[in-house]
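To start, the structure itself, in structure tokens.
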Amino acid sequence: MCETGNCGCWHEYPERGWIQFLIMRILYEKPIHGYQLLKEIEERSCGCHKLDTGSVYTLLRRMEERGLVESKWEKVEGAPERRVYRLTSKGVEALKTGLESMIKRKKLFEDLLSFYYENFGKR
């Protein structure tokens, strides 16, 4: 799963990997189309992540190439067809593994924060 090591994510820049975990989490809950996904990301990140439409479709395409998501065209009456994405079993496993890695990292972050407050936070 991990192209850059055993970190639980496949990108060197964590933010990009976290966005993909957020996408997988959303798709785990329900299959949706790209525009809905953009809105969900913005809402769940409290407005911190407003992705370009092209960026999210590029991420989805790459995730689909890796077998993490799959898509199909859905007919909508009175509107153009739209591509609906859903998480695959491989995507579920990648999400689970990545979240387990985040739990381990959280312990390290908590230790670093404690060190900061003990040594620098009082200044």
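The values are calculated or read from the model by the stated rules, or taken from the named source; none is laboratory data. Every value quoted in this text rests on a predicted model; they were computed, and no experiment measured them. Cβ sites come from the backbone with ideal geometry, for glycine too, and all protein chains shown count toward neighbours.
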**Item:** Every residue from the range 83-94 that is buried (at least 16 other Cβ atoms within 10 Å of the Cβ) and part of a strand (DSSP E or B)
**Value:** Val84, Tyr85, Leu87
**Asked** So which pairs qualify, if the first residue must be in the range 54-70 and surrounded by 13 or more Cβ atoms within 10 Å (Cβ to Cβ), the second must be at pLDDT below 95 and not hydrophobic (A, V, I, L, M, F, W, C), the Cβ gap must be under 7 Å, and the two must be at least 6 apart or on different chains?
**Response** Val56/Gly34; Tyr57/Gly34; Leu59/Gln20; Leu60/Gly34; Met63/Gln20
**Complete:** Counted residues in the range 19-56 being hydroxyl-bearing (Ser, Thr, Tyr) and under 13 Å from the mean Cα position of the chain (by Cα) come to 3
**Request:** Could you list all residues from the range 58-69 that are at negative phi and within 15 Å of the chain's Cα centre (by Cα)?
**Result:** Thr58, Leu59, Leu60, Arg61, Arg62, Met63, Glu64, Arg66, Leu68, Val69
